[in-house]
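K.L.:
This is the structure, below, for whatever I ask next.
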Amino acid sequence: MNFEAKKVLVTGGSRGIGLAISKAFASAGARVAIIYRANDAAAAAALAQLPGAGHSIHRADIADPEQVRFAVDAAADKLGGLDIVVNNAGIGDYHPIDSTTYQDWQKAWQQTLAANLIGPANVCYCAVQHMLKSGGGRIVNITSRGAYRGEPIKPAYGASKAGLTSLSQSLAVALAPQRIFVGAVAPGFVNTELTAARLASAEGDEIRAQSGFNRVAEPKEVAHAVLFLASEGAEFSTGTVIDVNGASYLR
């Protein structure tokens, strides 16, 4: 797929799945702006890994509406507009209902929804203002298998991703007349530093066995699905959710 001269914004684009997405777009000719939360060293390292020129990094907490607006506007200014936005940033701390204090339960829900649902909604809003000026664009939101099968030890995460799926489909309908196409990618377990401990534990074999491939996804496999939804010719797939879970969960 060719993304020559396309202007792409990726949230959480400095590590794991987000870095794979950023590198895939850059390798296909795009100029990429990465939004990251706090790890300056990781962001600088990610920037250095992107092939081509004209890339940038922007620090912002997606849960903060004003930081979102500032970072999206700064990225659009740096790139000269926005063609594609990928909402990848998110959190997923454990908070099982039977062993979490009420105070920690409240905190988990507030923080998770702010980062995983309200934050991406704000990114979409701010990005759409730029896309309307240029006559269209594409938004791809990273949801999760957990939106469908449930997340018993982190229910706020599952709920936030279900909400992000619904948001994606609502925006696909609302924005189609403006030629802004919206889709989502729903991974299962992915081999990143965030999942490394669980995959290396006694639970690892059970997790891998959930798929007939007896493995989990690689970040580049998620990136491949993102690039498809963002590509020319995929417009009539607006509203689509692509599962990347090795048939570990079917719906």
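The values are calculated or read from the model by the stated rules, or taken from the named source; none is laboratory data. If you're wondering where the values come from, they're calculated on a predicted model, not measured in any experiment. Neighbour counts run over all protein chains shown; Cβ positions are idealised from the backbone, glycine included.
K.L.:
Could you give every pair whose Cβ atoms fall below 8 Å, whose first residue belongs to region 80-107 and is without any contact (Cβ under 8 Å) to a residue 24 or more places away in the chain, and whose second residue is part of a loop (DSSP other than H, G, I, E, B) and buried (at least 20 other Cβ atoms within 10 Å of the Cβ), counting only separations of at least 6 or pairs across chains?
P.N.:
Partner pairs satisfying both residue conditions: Asp104/His95; Trp105/His95.
K.L.:
Determine the pairs where a residue that is touching a residue at least 24 places away in the same chain (Cβ under 8 Å) and exposed (fewer than 15 other Cβ atoms within 10 Å of the Cβ), located within region 226-251, has a partner that is of a type outside the set (Asp, Glu) and assigned to a loop (DSSP other than H, G, I, E, B) with Cβ atoms under 7 Å apart, the partner being 6 or more residues away or on another chain.
P.N.:
Partner pairs satisfying both residue conditions: Ala247/Ser211; Ala247/Gly212.
K.L.:
Taking Ser170 as the residue in question, decide whether it is modelled with pLDDT under 95, among the polar types (S, T, N, Q) and surrounded by fewer than 23 Cβ atoms within 10 Å (Cβ to Cβ). Walk me through how you get there before you give the answer.
P.N.:
Numbers: modelled with pLDDT under 95: no; among the polar types (S, T, N, Q): yes; surrounded by fewer than 23 Cβ atoms within 10 Å (Cβ to Cβ): yes.
For Ser170, the condition - modelled with pLDDT under 95, among the polar types (S, T, N, Q) and surrounded by fewer than 23 Cβ atoms within 10 Å (Cβ to Cβ) - is not met.
K.L.:
Can I ask one more? Picking from Ile139, Ile97, Ile91, which residue would you name as being over 28 Å from Lys220 (Cβ atoms) and in contact with a Phe, Trp or Tyr (Cβ under 8 Å, 6 or more places away or on another chain)?
P.N.:
Numbers: Ile139 fails: over 28 Å from Lys220 (Cβ atoms); Ile91 fails: over 28 Å from Lys220 (Cβ atoms).
Of the residues listed, the single one that is over 28 Å from Lys220 (Cβ atoms) and in contact with a Phe, Trp or Tyr (Cβ under 8 Å, 6 or more places away or on another chain) is Ile97.
K.L.:
Given the criterion surrounded by fewer than 18 Cβ atoms within 10 Å (Cβ to Cβ) and either in contact (Cβ under 8 Å) with a residue 12 or more places away in the chain or more than 19 Å from the chain's Cα centre (by Cα) (or both), identify the matching residue among Ala38, Ala33. Spell out the reasoning first.
P.N.:
Details: Ala33 fails: surrounded by fewer than 18 Cβ atoms within 10 Å (Cβ to Cβ).
When all the criteria are applied, what remains is Ala38.
K.L.:
Only helices (runs of 4 or more DSSP H) wholly contained in region 143-216 count here; list those with 1 or more residues that are among the β-branched types (Val, Ile, Thr) and free of Cβ contacts under 8 Å to residues at least 24 places away in the same chain.
P.N.:
Details: elements: 146-149, 155-175, 196-200, 204-209.
Where helices (runs of 4 or more DSSP H) fall fully within region 143-216 and carry at least 1 residues being among the β-branched types (Val, Ile, Thr) and free of Cβ contacts under 8 Å to residues at least 24 places away in the same chain, they are 204-209.
K.L.:
Restricting the search to region 8-30, which residues are free of Cβ contacts under 8 Å to residues at least 40 places away in the same chain and closer than 22 Å to Thr195 by Cα?
P.N.:
Ser22
K.L.:
Continuing with this model, one more query. If we scan region 121-141, do we find a residue that is buried (at least 16 other Cβ atoms within 10 Å of the Cβ), over 24 Å from Ala33 (Cα atoms), under 21 Å from the mean Cα position of the chain (by Cα) and of a type in the set (A, V, I, L, M, F, W, C)? Give the steps one after another, and end with the answer.
P.N.:
Narrowing region 121-141 to residues buried (at least 16 other Cβ atoms within 10 Å of the Cβ): 121-124, 126-128, 130-131, 137-141.
Of the ones still in play, those that are also over 24 Å from Ala33 (Cα atoms) are none.
No, because not a single residue in region 121-141 is buried (at least 16 other Cβ atoms within 10 Å of the Cβ), over 24 Å from Ala33 (Cα atoms), under 21 Å from the mean Cα position of the chain (by Cα) and of a type in the set (A, V, I, L, M, F, W, C).
K.L.:
Quick one: Glu4 ticks every box in (1) among the charged types (D, E, K, R); (2) under 21 Å from Val185 (Cβ atoms); (3) free of Cβ contacts under 8 Å to residues at least 60 places away in the same chain except a single one, so which number is it?
P.N.:
Exception for Glu4: condition (2).
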